[in-house]
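A.B. asks: I have a structure here, written as structure tokens, and I will follow up with some questions on it.
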Amino acid sequence: MADTEILVAEDDPTIRMLLTEVLTSAGYKVTSCENGLEALQKFKEKLFPVAIIDIEMPMMSGGELIENIFLIAEETIVIVASAHSDLSTVIDVMKKGVYDYIVKPMNIQEFIIKIKRACEAAGLRKLKTIRDKEKVLRLENLISWYKYKEKSIGSIDTKDKSKFHKSLFDSLKTNFSQGAGFGTLVTLAEMISYATKNDSNQYLIDAEIIDLFLTNIKVTEKALGIFAEIDWIISNPLKMERKSLLDFYDLVCEVELEAQKYITIKNQRIVQSDSKPSFKNLYLEYNSDYMKKVVKELMMNAMKFSESNSSIVCILESKDGRMYFSVINKPLTDVKGNVGILEEYQNIIFEPFFRLWNYMFDEFETLDYGLGLTLAEKILLKHEGRVNVTNLLDHSDGQPETKVEFAFSIPTQ
Amino acid sequence: MTERPVIDEKKADEYRALRKGSNELLILLLSKYVNSADEYMIQLKKFYKENQAENLLKTIHTFKGSSLTMGLVQMSDLCLSLENKLKNKEDIDEVLEFETLSQHLIKVKNYLSNLK
């Protein structure tokens, strides 16, 4: 928690200098401001997990600043530091949801302990917020399926069938990839039963509907195939081979070569870190076929979700008894203007059928069910592996740029 | 009767401890303090003349906080006394109060000079 970023709002230059000195010495990153307005501006630019605020400040008082901060991010840990010692002021401020109150002059050691506790609390609150957001996202996914189902059945009498079928197929594809595929198939069967006519014990069924049904059966079969594969991986031991890190490097090169077929779609390029002499002396146990799938999944994902003309950077390295492989890409901006993967998505992205984008990447010839990362995660678990996704700020080209890093590690021997 | 110290040495030691016992940080902080104290003095006189009671109270409150933080016991006591008078809307003797503050500020500056 020591590298937590702390916002300090204090109008007195001496106290501001002291707080910055003490906090920086304790390993925290500090941004200090001399009035409430400046502090609010800084907070809008970056959501600080912890803020230390003086009550009496020019331009905007500490009380107003606290209210504004909670409007933006209610999970923020706010500590008030003030020379006010009358009880009514303390109570008024604490009522605003302040985490702690420090009366000036502060004892440095006690202050550090309070800050340490505050940072731990900030970490816990952040986790809770992410979990709450994840719950909402799962619920939204479920509700979206039910809404879709009602809408599809409700519109069966549409007169313009060609338009209806096109939009239906598009939404079916999307819903398949969002995890509602099997339910969609059931809905389609229900729709067929509503749309048919019984004529002398024969069903007359619109050919377009049957085509649609058959197309979706194929899609479902493919999804079931991946499910079966995931199930097999979970239930059976994988055949492992002892190979060098250099062999793994060659495996990455092979996948990169295969990916060249798709690289021109968005005029991207893959940049791979160099092999190191130490690679041939480091060994790891892995299943080549499955590990190739993992590397391919990460590389293809990076290409699909990256901007055109961007670079996909693959880094292979070894440290602390593990091999690390990461794929870094420059992400697309989503419809809400978000760049990168929001924290609330960083865990559930590995769950089956979860996809951040409804778009189908047909040109990449992938299935886009939202099962690829689930499969990759299960394979890595069998290798005592860990996988995670994070946003990075890349300063290499001067202006900081948000990049997404998918990284996994497995033990070396 | 012995005169009270300019600075609470326990507080000064806390700041020395942050820089391995040296006076380095204490000097930096006191230098910052005397600069802002000069500014506070100017503001206090201005707000008093212009009868800006609220600003006067805010400034003396900040001055008090700063003095307390530095362990400047005499300065903080004077600020507190002035703050209480302003809060209670008591008359203050401008010449006496501000002159006493200025005199104590000189003591702080002398203490700082001796540290350097």
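Only the coordinates and a few stated rules stand behind these numbers; no lab work does. Just so you know, these numbers come straight off a predicted model, no measurement behind them. Counting neighbours? That spans all protein chains shown, and the Cβs are built from the backbone with ideal geometry, glycine included.
A.B. asks: Starting at the first residue of the stretch A:24-31, write each ³J(HN,Hα) from the Karplus equation 6.51 cos²θ - 1.76 cosθ + 1.60 with θ = phi - 60°, in whole Hz, x for Gly and Pro.
C.D. replies: 5, 4, 7, x, 8, 9, 10, 10
A.B. asks: Same structure, new question: Loop only per DSSP, at most 13 neighbouring Cβ atoms within 10 Å: give me the trypsin sites (Lys or Arg not before Pro) in the stretch A:1-72, ordered by residue number.
C.D. replies: A:LYS46
A.B. asks: Put one equal scatterer on each alpha carbon of the stretch B:14-68, apply the Debye formula with no solvent term, and list log10 I(q)/I(0) at q = 0.12, 0.17, 0.22, 0.25 1/Å to two decimals.
C.D. replies: Scattering profile of the stretch B:14-68, log10 relative to I(0): -0.37, -0.60, -0.78, -0.90.
A.B. asks: Sticking with this one: Over the Cα atoms of the stretch B:42-116, Rg to Rh with Kirkwood Rh, two decimal places?
C.D. replies: 0.99
A.B. asks: Pairs B:LYS46/B:LYS87; A:LYS293/A:LYS330; A:LYS42/B:LYS10; A:LYS261/A:LYS293: which exceed 28 Å Cα-Cα?
C.D. replies: In this structure, A:LYS42/B:LYS10 lie more than 28 Å apart at Cα.
A.B. asks: Order these by the 10 Å Cβ neighbour count, fewest first: A:ASP250, B:ASP13.
C.D. replies: Fewest-to-most Cβ neighbours within 10 Å comes out as B:ASP13, A:ASP250.
A.B. asks: Students often get this wrong, so check it: of A:LYS44/A:LYS403; A:LYS104/B:LYS45; B:LYS64/B:LYS109, which have C-alpha atoms separated by over 19 Å?
C.D. replies: In this structure, A:LYS44/A:LYS403; A:LYS104/B:LYS45 lie more than 19 Å apart at Cα.
A.B. asks: Moving on. Please report, in Å, the Rg and the Dmax of the stretch A:1-93, where both are computed over Cα atoms only.
C.D. replies: Values for the stretch A:1-93 (Cα only, Rg and Dmax): 12.4, 34 Å.
A.B. asks: Taking neighbour Cβ counts within 10 Å as the exposure measure, how do A:GLU64, A:GLU241, A:GLU34 sort from fewest upward?
C.D. replies: Exposure proxy ranking, most exposed first: A:GLU241, A:GLU64, A:GLU34.
A.B. asks: Moving on to the next point. Over the stretch A:24-123, what is the relative contact order in percent, taking alpha-carbon pairs closer than 8 angstrom and at least six residues apart?
C.D. replies: 26 percent.
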